Amino acid sequence: NAGVTQTPKFRILKIGQSMTLQCAQDMNHNYMYWYRQDPGMGLKLIYYSVGAGITDKGEVPNGYNVSRSTTEDFPLRLELAAPSQTSVYFCASSYLSITSGAYNEQFFGPGTRLTVL
Amino acid sequence: TQLLEQSPQFLSIQEGENLTVYCNSSSVFSSLQWYRQEPGEGPVLLVTVVTGGEVKKLKRLTFQFGDARKDSSLHITAAQPGDTGLYLCAGSPYTGGFKTIFGAGTRLFVKA
C-alpha cells in the first residue's frame, strides 16, 4: 500500500495563477481532508469529504475548491493564487463509521510546499 | 471555539534527558491523538487515548489522558536524536465524528 500520495512536492506560483494539488489514497478510506500548515500554527482544515460525490467546507475554504469523483482521489484547486496561500498543504484520509465508534485516526500524505510570489 | 494549547512550543535537550510536553484545553474530547511530524513529511499517528486517566506506553514514550479528558501529556524517557520532530496533539469532540482540532505543536530537538 502506498498510503496517501500527493503531487507535486514543491511548487512556485505567480499571483493570479491557478493549479491543482493532487491527492490519492489506496486504503479505501471514506473520509478525506485537505489541511494547510503555517509556521507556528496548527493544521487548519480547508475542505473535507465523507465519500465520493460529497464535499464540504472546513475552517478556511476561501480561495479553494475540491471535488471527489472517486473514493481514491481528492484534488484541491486554487483558482487565483494569492500570497496568503503560501503554505504547506497536507492531504489526509481516515475511516469512520458511526456504528463502529471508530476514532478519527488520520493518515497523512507527505505534503505540498506552495509559494505564491 | 475549541482550542488545544501545547507547551512548550520549542524544546532543545541533550540525548539521554527526559522531557514532558503538554496539551491542554478547556473543552472535553472523546479521544485525543498524538502525532509526530519530521521535517518535510506529513504527521504520523503515534497513539490514541480515549478513557479519562488512561496511560499508554510506546517504548520510551508514555502518553496520559487527563481524568476529565481535557488535557494530555507525552513523556519521553532517555530522549534520542531520532525523537527529534514536531509533536502534535489532536482532539476529537465526538466518537465516530470527523471533526478534529489540532494543537500548534511542540518542536523537539535532541542533540547527540
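Listed as lacking a disulfide-compatible partner in the protein assembly as shown: no cysteine, by the criterion of no other cysteine Cβ under 4.7 Å. As a rough guide to protection, the peptides B:72-81, B:103-112 ranked by mean Cβ packing within 10 Å, highest first, stand as B:103-112, B:72-81. Work the Kirkwood hydrodynamic radius out for the protein assembly as shown: mean of 1/r over every pair of different alpha-carbon atoms, inverted, in Å. About 18.2 Å, per the Kirkwood formula over Cα pairs. Compactness ratio for chain B: Cα radius of gyration over 2.2 N^0.38 Å (N = residue count) comes to 1.01.
Among the listed pairs A:LYS57/B:LYS59; A:LYS57/B:LYS56; A:LYS14/B:LYS111; B:LYS57/B:LYS111; B:LYS59/B:LYS111, those with a Cα-Cα distance over 29 Å are A:LYS57/B:LYS59; A:LYS57/B:LYS56; A:LYS14/B:LYS111. Computed from the C-alpha gyration tensor, the three semi-axes of the ellipsoid equivalent to region A:1-57 are 22, 15, 14 Å, from longest to shortest. Relative intensity of chain A on a log10 scale, I(q)/I(0) at q = 0.16, 0.20 Å⁻¹, equals -0.69, -1.07, per a Debye sum over C-alpha point scatterers of equal strength in the absence of solvent. Legend: mean number of C-beta atoms from other chains within 10 angstrom of residue C-beta atoms, peptide A:8-19, equals 0. Okay, which of region A:72-90 sit inside 16 Å, backbone N to the point 7 Å along the Cα-Cβ direction of A:THR115? Once the point is set 7 Å along Cα→Cβ of A:THR115, A:82-89 turn out to lie under 16 Å by backbone N, inside region A:72-90. Mean partner shielding of peptide B:99-110, defined as the number of other chain Cβ atoms within 10 Å of each residue Cβ, is 4. Counting charges near B:GLU15 (Lys, Arg +1; Asp, Glu -1) among other residues having Cβ under 11 Å from its Cβ returns a value of -1.
Readers should treat all values here as calculations from the given coordinates under stated rules, not as data from a laboratory. These numbers come from a predicted model, not from an experiment. Counting neighbours? That spans all protein chains shown, and the Cβs are built from the backbone with ideal geometry, glycine included.
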